[in-house]
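Q: Before I ask anything, here is the structure I am working with.
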Amino acid sequence: MFETLPQLILNTFRNFHKDDQMLSKKNKKYVPISTAELEDRVVSLALGLKKLGMQPGYKLMLLAENGPDWIIADFAILCLGGITVPVYTSLTPEQIKYIAADADVSFIACSHKHLLAKVKSVLPELPHVQGVISFYKSDDPEVHSAEALQAEGRKISQADPQLFERQAMSVKPDDLASIIYTSGTTGIPKGVMLTHANFISNINTLAKLYPYSDKHRLLSFLPLSHVLERMCTFSFISRGVTIAYAENVGTIAKNLIEVKPHIMVSVPRVFEKIYARIMDSILKSSPLKRKIFFWAMEVGKVYGSKKLVKERIPISLKIKHALAHKLVFSTILEKTGGQIWFFVSGGAPLPKDIGEFFHAVGLNVFEGYGLTETSPVLACNYFDHVKFGTVGPPLPGVEIKIAEDGEILAKGPNIMKGYYNKEAETREVFSDGWFHTGDIGYLDEDGFLVITDRKKDIIITTGGKNIAPQQIENLIKSSPYIDNAVVVGADRKFISALIIPNFDKLREYAAFSNIEYREPLELTKNADIINMIRTEINRLTPHLASYERVKRVSILERDFEESEGEITPTMKIKRNIIEKKYASLINSMYSE
């Protein structure tokens, strides 16, 4: 059993010999990379970096799009005993400069010219950076191409064939593997220090709960700089799973059909959009098709619920389910490539009804929970352990308890070493060996963890009521007319909501209701449209307490954007930024 990430990749090189260990798009077609080629590129790049001056304990910032080059560079660094500092490609030059300086990086690797331009613009202010590496050929004399480094590395390997393995095996479990900067939804990013042992604890545990193997394929699209995608990639590689990379978020639907994956790791926003598209298509279909669809969904839910609790399924229900599959479910499944075994959902709460919907169709969507600081998984649903509306039971070996104020505390081998160069902040999140997650939740009667909200996101009204906005937002977003929502109301008498509409549905409603307009944006100010949105929200939240009901709404003209600093690269809302940016609009909802 491997104890470090270098041992993990060496194990893969020795035990899995595949022609398609990785797949990436080139000239509009997927091109395979064999295990042997992967090994050659990792080994040669590592030795090339070593000649360049990379030493154990040195840090390399990895600024690149998803793809084989990202993973190859990551393993090359790790096998030298180096420390990877992954960052999102969407960061501004100033943000790159801050992280590079804060983490004391010695090298920076980039995948494209536009990323290199960002680095070059701040490089004079980073005197400790010893070298810049590019994944493409560059005429810049100050930049080292990965290809040239690999050529040098192959010469070194030929002269000393055992050098790479000696170097890799010298890495210890408690050595630092990565410094991952938090996305900064609530403040200045902090560098989370994760050791090889931290990652390995999650990797080995999840591989037991989800028995994937070298017979399976994964479609990868979440940023590898995000800890969930990266840890899962490590775990999949450890079992020889073929990894195919989506071209981008906008091509996922096409890539699913091309790759026909068995597994995909995603965030709730993607499932919400898939669900919305399916439901919109059904609601536009003929009365007969709608009737068949909703009958099939009812059959799927009954069949799925019995299967979950391992209850005997009557023959009559099996026949109905087979018919529902033929008439409805098969069409939906084909759009995922037809071979999906399971999806993983993380990063934010998955609405319960959406999890139930996919399960009824025959798609397993396993929701989990964790943080960058926990490597990242603390709890997850899996096969025989599924309960919708929860994030599953704690992982084996992980302890979870609930503090008096409802905060989730955790302890286990996956908990971070601390925040880099921030001892005070590290002390703040630990007490008596327990890590304070900053999330509010509870363990239900079956030991499944339920997340209520972020502790810092809890809204306290002037009446002293504590309100968890995420649960309300998830209910609101189930409307076909609403794409996104942010609930506000801290230190106010009541709560209100900023609404991102589905403009296609608004236009349909306007046509049906004879509402005249010249530009679609006019609909966001139309009183009839605003009243319709309020009616929709009331329809979806009848069971909430009176103080949890949204009293007023404002419809925005566009969705929240990462480029505007309003969401993280994994689509999480930056509430403090949004509330500041839309302060005047929010204030107008509370004006007498």
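Q: Near the amide H of Asp453, under 5 Å away, which other amide H atoms are found, from residues 5 or more places off or on another chain, if H is placed in the peptide plane?
A: Ile440
Q: What do you get when you divide the Cα radius of gyration of the range 458-589 by 2.2 N^0.38 Å, with N the number of residues?
A: Working: Rg = 14.7 Å, N = 132, 2.2 N^0.38 = 14.1 Å.
My calculation over the Cα atoms of the range 458-589 gives 1.04.
Q: Using only the alpha carbon atoms of the range 1-50, find the Kirkwood hydrodynamic radius as the inverse mean reciprocal pair distance, in angstroms to one decimal. Walk me through the intermediate numbers first.
A: Details: mean 1/r = 0.0831 Å⁻¹.
So the Kirkwood estimate lands at 12.0 Å.
Q: Starting from 0 in steps of 10 Å, tell me what percent of the Cα-Cα pairs of the range 61-134 lands in each bin.
A: In whole percents, the pair-distance histogram is 20, 59, 21, 0.
Q: Which pairs in the list Lys50/Lys155; Lys51/Lys417; Lys465/Lys581 are over 18 Å apart, alpha-carbon to alpha-carbon?
A: On the way: Lys50/Lys155 13 Å; Lys51/Lys417 30 Å; Lys465/Lys581 25 Å.
Flagged as over cut-off: Lys51/Lys417; Lys465/Lys581.
Q: Still on this structure: Helix 527-540 versus the longest principal axis of the chain: what is the Cα-based angle in degrees, 0 to 90, to the nearest 10?
A: Value to nearest ten degrees: 80.
Q: Also: For Lys422, which aspartates and glutamates qualify as cross-link partners when the Cα separation must be under 15 Å and same-chain residues fewer than eight apart are set aside?
A: Asp102, Asp104, Glu373
Q: On to the next question. If one takes the longest principal axis of the Cα atoms in the chain, at what angle in degrees, from 0 to 90 and to the nearest 10, does the Cα axis of helix 287-308 lie?
A: Rounded to the nearest ten degrees, it is 60.
Q: In a Debye calculation with equal point scatterers on the alpha-carbon sites of the range 5-171 and no solvent, what is log10 I(q)/I(0) at q = 0.09, 0.13, 0.15, 0.18 Å⁻¹?
A: Values, matching the q order: -0.29, -0.61, -0.81, -1.15.
Q: Hey, what did the chain get for relative contact order, percent, Cα under 8 Å, at least 6 apart? Provide the component values of the computation, followed by the final result.
A: Values: 1100 pairs, mean separation 63.1, N = 592.
RCO, the chain: 11 percent.
Q: If you don't mind, there's one more thing I want to ask. In what order do Tyr245, Tyr136, Tyr58 fall by count of nearby beta-carbon atoms within 10 Å, going from fewest to most? Mind showing how you got there, number by number?
A: Details: Tyr245 23, Tyr136 14, Tyr58 18.
Neighbour counts put them in this order, fewest first: Tyr136, Tyr58, Tyr245.
Q: Moving to a separate point now. Determine, for each peptide in 113-120, 125-132, the mean count of other beta carbons within 10 angstrom over its residues, then list the peptides with the highest first.
A: Details: 113-120: 17.0, 125-132: 14.6.
Most protected by this proxy first, the peptides run 113-120, 125-132.
Q: With 10 angstrom as the radius, rank His359, His543, His196 by how many other C-beta atoms surround their C-beta, starting from the fewest. Can you show the working numbers first?
A: On the way: His359 20, His543 7, His196 24.
Arranged by neighbour count, lowest to highest, His359, His543, His196 become His543, His359, His196.
Q: Only one of the values (i) 25.7; (ii) 29.3; (iii) 38.0 was calculated from this structure for Kirkwood radius over Cα pairs in Å; name its label.
A: Computed from the coordinates, Kirkwood radius over Cα pairs in Å corresponds to (i).
Q: Working out 0.36 nm times the residue gap between Tyr517 and Lys422, then minus their Cα-Cα distance, what length gain in nm do you get to one decimal?
A: On the way: separation 95, 0.36 × 95 = 34.20 nm, distance 5.45 nm.
Full extension of this stretch gives 28.7 nm more.
Just so you know, all these numbers are worked out from the coordinates, no wet-lab data involved. All of these numbers come straight from a predicted model, not from anything done at the bench. No Cβ is skipped: glycine too gets one built from the backbone with ideal geometry, and neighbour counts run over all protein chains shown.
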